[in-house]
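Beneath this line is the structure, given in structure tokens, with notes to follow.
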Ligand code: SF4
Ligand code: SF4
């Protein structure tokens with residue numbers, strides 16, 4: 001599931017209020033973003049923003065393709081939904097800093113293609129499971 | 001703390017025409033994120049999120065302060081040429097207060113997030129939670145309504161969801177942390193406990209008061225009550241599985257209050273499940 005999406009926006013989550021994302025991974029990803037010369041958005045903690053239903057999540061979810069460096073795609077999708085700011089599954093790629101190395105996250109962030117990977121109802125819970 | 005639909009301060013680190021690059025870019029952005037702000041760094045030909053009604057502060061090393069037009073929110077522009085990253089963070093914090101943007105860091109964002117791709121709207125979570133975290137919307141769909149009532153580090157309601165549809169993104173392990181739900185997980189996640197059997201306040205009370213005295217009083221008073229013993233077993237099972245932290249058990253309300261809240265939650269769930277008419 002890969003499509004060409006030139007210049008998707010980049011969003012980095014610092015997971016400020018928990019230690020679930022390895023420190024060295026988020027530090028290295030943020031460092032490479034800062035060194036890249038490219039534009040990006042960074043938020044302190046998507047969970048905290050979702051809990052406050054921060055309208056900023058609408059700004060971050062809307063308007064086209066986006067790559068998000070945070071945690072599990074299913075969790076990120078749920079957080080945006082909770083803030084009434086649904087991500088478009090066709091044009092969103094979530095990079096999981098809990099499981100990927102910093103190099104892998106950055107390679108996907110800076111790649112020109114976008115591999116949409118936000119789960120949908122069909123992919124999460126098939127209504128007609130294969131026999 | 002009451003959570004409201006409040007907006008984080010958007011800090012735009014502007015490095016473009018009319019503003020020199022920041023010498024301490026990484027340190028500055030890190031300091032801003034550690035204080036809870038949302039940061040936009042401009043540069044190159046990649047788009048950033050559009051301007052909106054959020055309180056916004058533009059930082060730059062300006063030879064001359066630029067004009068920004070077409071914005072609806074309160075905007076501030078600040079020259080940071082002579083400031084180091086810690087000083088910049090202080091300036092930003094005072095602007096946040098001045099513009100009335102959301103405060104950060106007073107609460108660990110720990111709350112359930114529902115995976116609606118899995119949820120069947122069965123209301124088990126609503127019946128189970130004693131703290132009024134869950135509610136229903138106008139269409140009687142389950143919703144997380146009072147996130148800040150949730151007990152930090154307690155993922156117990158995710159254990160009672162038969163569909164493994166409740167996530168706590170900051171939890172240590174999958175699938176509760178949002179990892180993919182496997183069939184094996186689904187079997188494991190089903191605690192197969194009778195929810196109504198868990199809602200006896202006396203059991204919580206016993207767990208809360210673990211002293212020998214409390215235990216002996218409990219057993220004298222309650223040994224004959226088979227149903228209660230069953231509730232006790234269920235709750236102890238949940239607690240022992242490591243999912244209910246001792247601090248949470250210690251902070252539970254009185255048995256009477258628990259019984260009242262349990263009845264309230266059950267009534268809400270019953271009402272939500274009644275046919276619309
Ligand atoms: S969305 Fe994921 S990475 Fe971001 S704050 Fe929440 S748990 Fe952490
Ligand atoms: S227990 Fe699970 S499936 Fe049932 S309403 Fe709650 S989240 Fe949905």
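We did not get these values from a lab; they are worked out from the coordinates using the rules stated. No experiment lies behind these values; they were computed from the predicted model shown. Here Cβ is always computed from backbone atoms with ideal geometry, including for glycine, and neighbour counts include all displayed protein chains.
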Most fluctuating of A:48, A:24, A:104 in the GNM of chain A (C-alpha, under 10 Å) is A:24
Fewest Cβ neighbours within 10 Å first, please rank A:99, B:82, B:95, A:92 accordingly.
B:82, A:99, B:95, A:92
CD proxy at 222 nm, helix term only [per DSSP H run n ≥ 4: -39500 (n - 2.57); per residue of chain A; nearest 500]
-10000 deg cm²/dmol
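Per residue, how much space in cubic angstrom lies within the convex hull of the C-alpha atoms of the stretch B:10-99?
Numbers: hull volume 8.8 nm³, N = 90.
Roughly 98 Å³ of hull volume per residue.
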Among A:59, A:74, A:108, determine the one that fluctuates most according to a GNM of chain A built with springs between C-alpha atoms less than 10 Å apart.
A:59
Between the helical axis of A:23-36 and the dominant principal axis of chain A, each derived from Cα atoms, what acute angle in degrees is found, rounded to the nearest 10?
70 degrees
Work the Kirkwood hydrodynamic radius out for the stretch B:115-184: mean of 1/r over every pair of different alpha-carbon atoms, inverted, in Å.
12.5 Å
Just tell me how shielded B:110-121 is by partners: mean number of partner chain Cβ atoms within 10 Å of each residue's Cβ, no decimals.
5
Within 10 Å of each Cβ in peptide A:81-92, how many partner chain Cβ atoms are there on average? Round it to a whole number, please.
1
Taking the Cα atoms of the stretch A:12-110 alone, what are Rg (to one decimal) and Dmax (as a whole number) in Å?
12.5, 33
Cβ-based exposure ranking for A:81, B:37, B:104, in which fewest neighbours within 10 Å come first
A:81, B:104, B:37
Across A:8-15, the residue-averaged tally of Cβ atoms belonging to other chains within 10 Å stands at 4
